[in-house]
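Here's the structure we're looking at; comments come further down.
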Amino acid sequence: MKRLYIKTYGCQMNVYDSERMADVLRPLGYGMTDDPEGADLVVLNTCHIREKATEKVYSELGQIKRMKARKAEAGDGVMTIAVAGCVAQAEGAEIMKRQPAVDLVVGPQAYHQLPELIARAHRAKGEGLAAEFSPEEKFDALPETRHVSGVTAFLTVQEGCDKFCTFCVVPYTRGAEWSRPAEAILTEARNLAEKGVREVTLLGQNVNAYDGAPGGLAALVRQLAKVDGLDRIRYTTSHPRDMDEALIAAHGDLPELMPYLHLPVQAGSDKILKAMNRDHTAESYLRLVERIRAARPDIAMSCDFIVGFPGEREKDFQATLDLVTEVNYASAFSFKYSRRPGTPASAMPGQIAEEVMDERLQRLNALLGQQQQAFNEAQAGKVLPVLIEKPGRREGQLGGRSPYLQPVHLDGPDHLVGQIVPVRIVTGHKGSLTGELVQALEPA
Ligand code: SAH
Ligand code: SF4
Ligand code: F3S
């Protein structure tokens, strides 16, 4: 067996892609290892979203290069180094120039060509580059069966982005919006369910722009809900402008659709939202959240924020805090604005000083942290259906997820893994819940 090491950076779509790369390589005799030292093929599946993410790749490559040299010195064969993902797409052949130990570079829409690229790279240095956008060809070429081990899985249904937020590289690294045909998704979902998967998270850079079935994402979710064994459906990431009535209605009447929604707003000031090209205002976002909560009152809202976008004044930032206060999030991710080459915002006047961004990020995180903790604490005393995902760290302990995506720790026997069981929540912590098994769900 040849040893394959894959390191994944960035978003869930990269996690999905890494699994699929392993699926593509398995027929060639590659099996996964979790140690890069001595591996025959090392794949770094990279993220380009912020400068830090990109820089990490180059420092990692420095280490991998030394492992490659050690393997060669030991007479243990050749280590092939591949850079995949969004940095591969954005920087292409530049990567091989900057780090000559890299053998091949493959973009997120071209990794089905990995076997061919590996062969080409071994024949001639510089031949291993593939960065064209061909999502359709890619999905057609991927093996139909997936290798899964857990009870939850990601399933990519949509790729790419046409929104062109002025800060963001994704439209350039992932290409135009494209949806997989519903039939292919259903086949993959049935296959997952047969292997014991109980919960799927549908993925797309703009997952709710899905149009691979009449009726869009709402129709797809309703079809998936009928798949035997699939009891929980989630989707991410949504754009506020694609959140249609049919999808909102599905949250109201489809028990399989989990009451958790990641709906990034980025900022609370209309001036900044306009400069970001978000195509929504703070007010329209708030009204949207209201409609979603009218359909599903207990829905947990999650969000992404950027602080320090060019031109952000203190009062603009204050508007972000106001919006957060009004929505009350169950969880959130916040980032300092990162100036990305080639994006319109990188050339805008009014770039914000690092110290100002640091200070705003701290204030925002303090507020979001309080909200998350309060949401978790408010679960205490409730009985929630928890999907048991894995044995816990301690003997006799289990780890699972609430409908609201909170990690739940409890004591119980291993054979419950894969089951959805009623759990009485005893304590809510900052980032998780502790609970105990109950025999049956109490009457509402
Ligand atoms: N398609 C998704 C997610 C895209 S990237 C969406 O539209 O929501 C994930 C998050 O990274 C974004 O929501 C945004 O908050 C953040 N992000 C993107 N570009 C960034 C940049 N240049 N600087 C800082 N954060 C950024
Ligand atoms: Fe980036 Fe905006 Fe597209 Fe999200 S919607 S991927 S933030 S351009
Ligand atoms: Fe990063 Fe690409 Fe995802 S830039 S966030 S890995 S789409």
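The values are calculated or read from the model by the stated rules, or taken from the named source; none is laboratory data. Small disclaimer: the values here were computed from a predicted structure and weren't measured. Cβ atoms come from the backbone with ideal geometry, glycine included; neighbour counts cover every protein chain shown. Ligands, DNA and RNA are excluded from the accessible area calculation, which covers all protein heavy atoms including side chains. Shrake-Rupley method; radii C 1.70, N 1.55, O 1.52, S 1.80 Å.
Observations, loosely collected:
- Shape of segment 2-134, Cα gyration tensor, a/c cut at 1.5: rounded
- Cα centroid separation - segment 105-174 against segment 338-358, whole Å: 29 Å
- Percent carbon-and-sulfur accessible area, segment 2-134, ignoring ligands, DNA and RNA, probe 1.4 Å: 52 percent
- Each residue of segment 74-84 is assigned a 3J(HN,Hα), and the resulting list reads 6, x, 9, x, 9, 9, 9, 10, 10, 10, 10 Hz, derived from the Karplus form 6.51 cos²θ - 1.76 cosθ + 1.60 (θ = phi - 60°), x at Gly and Pro.
- Estimated from the Cβ-Cβ distance and a Förster radius of 45 angstrom, the FRET efficiency linking Lys271 and His147 is about 0.40.
- Under 5 Å, built H, 5+ apart or other chain: amide partners of Lys390: Gly399
- When Phe309, Phe164 are compared by accessible surface with a 1.4 Å probe, the order from highest to lowest is Phe164, Phe309.
- Under 5 Å, built H, 5+ apart or other chain: amide partners of His429: Thr434
- Lys, Arg +1 and Asp, Glu -1 on Cβ, resulting dipole of segment 383-437 about Cα centre, debye, nearest 20: 200 debye
- Point-charge dipole on Cβ atoms (K/R +1, D/E -1) for the chain, about Cα centre, debye to 20: 760 debye
- Packing around the peptides 140-149, 165-174, taken as the average count of other Cβ atoms within 10 Å per residue, puts them in this order, highest first: 165-174, 140-149.
- Per-atom-type breakdown for segment 227-306 gives carbon and sulfur 51% of the accessible area (1.4 Å probe, protein chains only).
- Mean ellipticity per residue at 222 nm, deg cm²/dmol - from DSSP H runs of n ≥ 4 across the chain, formula -39500 (n - 2.57): -11000 deg cm²/dmol
- Rounded to 5, the percent of DSSP beta bridges in the chain classed as antiparallel: 35 percent
- 3J(HN,Hα) couplings calculated from phi for segment 27-42 with the Karplus curve 6.51 cos²θ - 1.76 cosθ + 1.60 (θ = phi - 60°) are, in sequence order, x, 8, x, 8, x, 6, 10, 9, 10, x, 4, x, 5, 7, 9, 10 Hz; Gly and Pro show x.
- Couplings 3J(HN,Hα) for segment 407-416, derived from phi with the Karplus relation 6.51 cos²θ - 1.76 cosθ + 1.60 (θ = phi - 60°), are x, 10, 10, 7, 9, x, x, 4, 5, 7 Hz, where x marks Gly and Pro.
- Solvent-accessible area assigned to carbon and sulfur over segment 383-437 amounts to 53 percent, based on a 1.4 Å probe.
- Every Cα-Cα pair of segment 383-437 was included, and the share exceeding 19 Å stands at 12 percent.
- Under-5 Å amide H pairs with Cys303, H placed in peptide plane, nonlocal only: Leu263, Ser331, Ala332, Phe333
- Positive-end residue, the chain charge dipole about Cα centroid, Cβ charges, pick of Cys168, Gln379, Tyr30: Tyr30
- Length added when fully stretched, Ala176-Ala378, from 0.36 nm per residue minus Cα-Cα: 68.6 nm
- Taking a ≥ b ≥ c as the square roots of the eigenvalues of the alpha-carbon gyration tensor, the chain is classed oblate because a/c is 1.5 or more while a/b is no larger than b/c.
- Entry comment: accessible area of the chain is 42 Å² per residue, from protein heavy atoms only and a probe of 1.4 Å.
- Rounded, prolate or oblate (a/c below 1.5 giving rounded, otherwise prolate when a/b exceeds b/c) for segment 137-377 by Cα gyration tensor: prolate
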